[in-house]
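Here is the structure we will look at, set down as structure tokens.
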Amino acid sequence: MSDTNSQNGNTRSPGSRDIGDDPAESQGTQDARPDSCVENHVSPGDNKGSDPEFGQKPPHALELKVPPAVVFLFFASAFWAIDRWFPVFDVHIPFRLPIVVFLGVTALLVGFWSIWLFRSNGTTVNAHKPHETERLISSGPFKHSRNPMYLALSMMLIAWAIYLTDLLSLMLMPGFFAYMTRFQIIPEERKMEEKFGEDFEEYAEKTPRWL
């Protein structure tokens with residue numbers, strides 16, 4: 001008797017089977033596709049090697065480029081120019097001279113005290129080379145501010161603006177704080193964190209950036 005498959009014109013030997021009958025063989029056929037046919041899937045972390053900072057933004061061109069003293073002189077000159085040529089915001093400030101003297105003397109004391117602590121601990125005061133800092137200082141004025149020297153500069157500017165009795169100059173002070181924070185302090189703190197690790201993180205948690 002002939003096999004029933006012969007009725008449809010198909011012959012099949014007893015030991016033969018179709019490729020699709022075995023799921024494993026079907027899967028193997030799919031795996032044999034050329035690499036160009038396989039969808040490339042790259043996880044977000046696979047491209048870390050292409051960026052040396054692992055996805056962080058590259059440093060801004062102004063970071064650690066302009067000395068803080070130059071920034072201070074720029075704002076001080078701007079205050080003078082405003083008072084000289086645009087004296088429309090002059091205001092009366094009670095006890096102006098005593099306030100100016102107090103701020104000025106305090107700024108000088110804080111600034112020189114901070115510099116002395118740097119020198120006595122054998123570390124650098126060069127604002128362009130924070131990576132050369134040899135020791136993390138957290139005493140004296142550094143106990144109350146992470147940047148007492150820059151705080152002293154800001155106090156001098158405020159005293160200068162009050163001496164000029166110019167309200168517009170005082171209104172420009174946030175520009176000084178913003179510039180110093182973004183282009184000087186943040187890059188410095190990034191270097192300090194890389195060098196001192198957890199010690200700096202603990203110090204930064206309990207000490208304000210300015211005051």
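The set of residues from the stretch 126-158 being under 23 Å from A61 (Cα atoms), in a loop (DSSP other than H, G, I, E, B) and without any contact (Cβ under 8 Å) to a residue 24 or more places away in the chain comprises N126, K129. Could you list, in sequence order, the residues of the stretch 128-182 that are closer than 23 Å to P67 by Cβ, aromatic (F, W, Y) and either in contact with a Gly (Cβ under 9 Å, 6 or more places away or on another chain) or buried (at least 19 other Cβ atoms within 10 Å of the Cβ) (or both)? Those that are closer than 23 Å to P67 by Cβ, aromatic (F, W, Y) and either in contact with a Gly (Cβ under 9 Å, 6 or more places away or on another chain) or buried (at least 19 other Cβ atoms within 10 Å of the Cβ) (or both): F142, Y150, W160, F176.
Residues of the stretch 110-124 that are surrounded by fewer than 13 Cβ atoms within 10 Å (Cβ to Cβ) and of a type outside the set (S, T, Y): F112, W116, R119, G122.
When the stretch 106-125 is examined, which residues are found to be part of a helix (DSSP H, G or I) and β-branched (V, I, T)?
Start the filter on the stretch 106-125 by keeping residues that are part of a helix (DSSP H, G or I), which leaves 106-120.
Of everything in the stretch 106-125, those that are part of a helix (DSSP H, G or I) and β-branched (V, I, T) turn out to be T106, V110, I115.
Of L103, L211, all but one fail to be among the hydrophobic types (A, V, I, L, M, F, W, C), surrounded by 15 or more Cβ atoms within 10 Å (Cβ to Cβ) and either outside any helix (DSSP H, G or I) or more than 18 Å from the chain's Cα centre (by Cα) (or both); the exception is L103. In this entry, F176 is excluded by the filter for residues that are assigned to a helix (DSSP H, G or I) and under 16 Å from the mean Cα position of the chain (by Cα).
Give me a count of the residues in the stretch 161-177 that are β-branched (V, I, T) and either touching a helix residue (DSSP H, G or I) at 6+ places or on another chain (Cβ under 6 Å) or under 12 Å from F75 (Cβ atoms) (or both).
Residues flagged as β-branched (V, I, T) and either touching a helix residue (DSSP H, G or I) at 6+ places or on another chain (Cβ under 6 Å) or under 12 Å from F75 (Cβ atoms) (or both) within the stretch 161-177 amount to 1.
Before we move on, is T207 among the β-branched types (V, I, T) and either in contact with an Asp or Glu (Cβ under 7 Å, 6 or more places away or on another chain) or farther than 21 Å from F118 by Cα (or both)? So T207 fails the test. Note on the stretch 39-83: residues that are closer than 27 Å to P130 by Cβ, in a helix (DSSP H, G or I) and at pLDDT below 50 total 1.
The values are calculated or read from the model by the stated rules, or taken from the named source; none is laboratory data. Computed from a prediction, not measured in an experiment: that's the story for all the values here. Here Cβ is always computed from backbone atoms with ideal geometry, including for glycine, and neighbour counts include all displayed protein chains.
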